[in-house]
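K.L.:
Quick one: the structure is below, questions incoming.
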Amino acid sequence: MTASSTAALKLEQVSRHFGGLKAVDGVSLTVQPGERHALIGPNGAGKTTLFNLISGEFPPTSGRVELFGADVTKVPAYKRAALGIARTFQITKLFPALTVRENVLVACTALDRRRLAMHRTVASCTDLRDAADRLLESFGLLPHAAETAKNLSYGDQRKLEVALSMAGRPRLLLLDEPMAGLSAGESRSMHELIDRLDRSIAVLLIEHDMDVAFAFANRVTVLHHGRVLTEGSCDEVSANRSVQQIYLGDAADH
Ligand SMILES: Nc1ncnc2c1ncn2[C@@H]1O[C@H](COP(=O)(O)OP(=O)(O)O)[C@@H](O)[C@H]1O
Ligand SMILES: [Mg+2]
């Protein structure tokens, strides 16, 4: 296999059981470099658990997880991050008492090899601050750089969270319902933001709203009761009878 054809993510028959509950049950999924892939399905389908298995929060009960061609099934989360994977959480995880810029600086520093240098030069700190401000600017957050993160609007906090996940220049980004809880305006703004992300980055998006998911993605996987119900292009998935039944219930029959 050549480097250019190596998948960003490959899951083979991945399962995760919690006691008797099969939260994820034999899921196989491939995401190519630069692909925009949506993961949809009803509440409790296992979407967030699948993200946890990909990012390494916990290991699968069985199956295999590959990132960029490497078997990471038993590799912990922090080592997977070093391979070029980043994620946001369904629930915002920021340092609320730090400023917006400080949050980004922490994220940049955490992923910057220079943190290991004993004597950091002033120039390298300036580089870091410039990089942080460039990132904030691209997310429209530079005017808020000096504000305490907890004082931002909820919409801006969620944007900041995506900005933080980009600090390590990931090659695979996992976004868990970034639009959840946003007003219509904030949601549109977030949608534009994630549409503008560098096209070389593969993005796997969990999204509740099918219209948003289909507008964003090239490929869609539908999860139901921990299993892949179907996978395909947006047209294929939206025409799928079982998908219509899950989302529309009996309404699809009338
Ligand atoms: N840490 C856990 N311990 C026990 N059960 C869990 C845990 N995480 C998720 N579950 C259960 O697994 C199922 C799938 O949950 P989840 O992955 O959060 O679904 P989704 O994100 O699609 O709404 C649910 O029934 C949920 O209650
Ligand atoms: Mg979830």
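The values are calculated or read from the model by the stated rules, or taken from the named source; none is laboratory data. Everything quoted here is computed from the prediction, not taken from an experiment. Methodologically, a virtual Cβ is constructed for each residue, glycine included, from the backbone with ideal geometry; neighbour enumeration extends over all protein chains shown.
K.L.:
Name every residue in the range 226-254 that is on the phi > 0 side of the Ramachandran plot and at pLDDT below 90, in order of residue number.
P.N.:
GLY249
Here's the yes/no breakdown for (1) touching a helix residue (DSSP H, G or I) at 6+ places or on another chain (Cβ under 9 Å); (2) part of a helix (DSSP H, G or I); (3) closer than 21 Å to GLU231 by Cβ:
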| residue | (1), (2), (3) |
| --- | --- |
| ASP25 | no, no, yes |
| LEU39 | yes, no, yes |
| GLY44 | no, no, yes |
| GLY63 | yes, no, yes |
| LYS74 | no, no, no |
| ARG80 | yes, yes, no |
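K.L.:
What number goes with the only condition from (1) within 14 Å of ligand 1 (Cβ to nearest atom); (2) under 12 Å from the mean Cα position of the chain (by Cα) that THR61 does not pass?
P.N.:
(2)
K.L.:
Specify the residue that is farthest from VAL162 (Cα to Cα); the eligible residues are those in the range 190-248 that are out of contact with any helix residue (DSSP H, G or I) (no Cβ under 9 Å at 6 or more places or on another chain) and in a loop (DSSP other than H, G, I, E, B).
P.N.:
ASN240
K.L.:
Quick test of your reading of the structure: ALA86 fulfils all but one of (1) assigned to a strand (DSSP E or B); (2) within 16 Å of ligand 1 (Cβ to nearest atom). Name the failing condition by number.
P.N.:
If we test ALA86 against (1) assigned to a strand (DSSP E or B); (2) within 16 Å of ligand 1 (Cβ to nearest atom), just (2) comes out false.
K.L.:
If you take the residues of the range 1-23 that are part of a helix (DSSP H, G or I) and not hydrophobic (A, V, I, L, M, F, W, C), which of them is nearest to ligand 2 (Cβ to nearest atom)?
P.N.:
Top of the filtered list is SER5.
K.L.:
For the structure I just gave you, tell me whether LEU172 is within 28 Å of GLU57 (Cβ to Cβ), touching a residue at least 40 places away in the same chain (Cβ under 8 Å), crowded, with 20+ Cβ neighbours inside 10 Å and among the hydrophobic types (A, V, I, L, M, F, W, C).
P.N.:
yes
K.L.:
Among (1) within 11 Å of ligand 1 (Cβ to nearest atom); (2) among the β-branched types (Val, Ile, Thr); (3) surrounded by fewer than 20 Cβ atoms within 10 Å (Cβ to Cβ), which single condition is THR73 missing?
P.N.:
(1)
K.L.:
In the set PHE51, PHE18, PHE68, which member is over 30 Å from GLU236 (Cα atoms) and at pLDDT 90 or above?
P.N.:
Result of the check over PHE51, PHE18, PHE68: PHE18.
K.L.:
Now a separate question. From the set of residues in the range 163-174 that are modelled with pLDDT under 95 and among the aliphatic types (A, V, I, L, M), which is nearest to LEU193 (Cα to Cα)?
P.N.:
ALA163
K.L.:
Under the condition of being in a loop (DSSP other than H, G, I, E, B) and more than 10 Å from ligand 2 (Cβ to nearest atom), which residue from the range 46-61 is surrounded by the fewest Cβ atoms within 10 Å (Cβ to Cβ)?
P.N.:
Ranking the qualifying residues of the range 46-61, first place goes to PHE58.
K.L.:
Just to be sure I understand, how many residues within the range 189-223 are touching a Lys or Arg at 6+ places or on another chain (Cβ under 8 Å) and either more than 22 Å from GLY84 (Cα to Cα) or surrounded by fewer than 16 Cβ atoms within 10 Å (Cβ to Cβ) (or both)?
P.N.:
The total comes to 5.
K.L.:
Does PHE95 count as more than 16 Å from ligand 1 (Cβ to nearest atom) and touching a helix residue (DSSP H, G or I) at 6+ places or on another chain (Cβ under 7 Å)?
P.N.:
Yes, satisfied.
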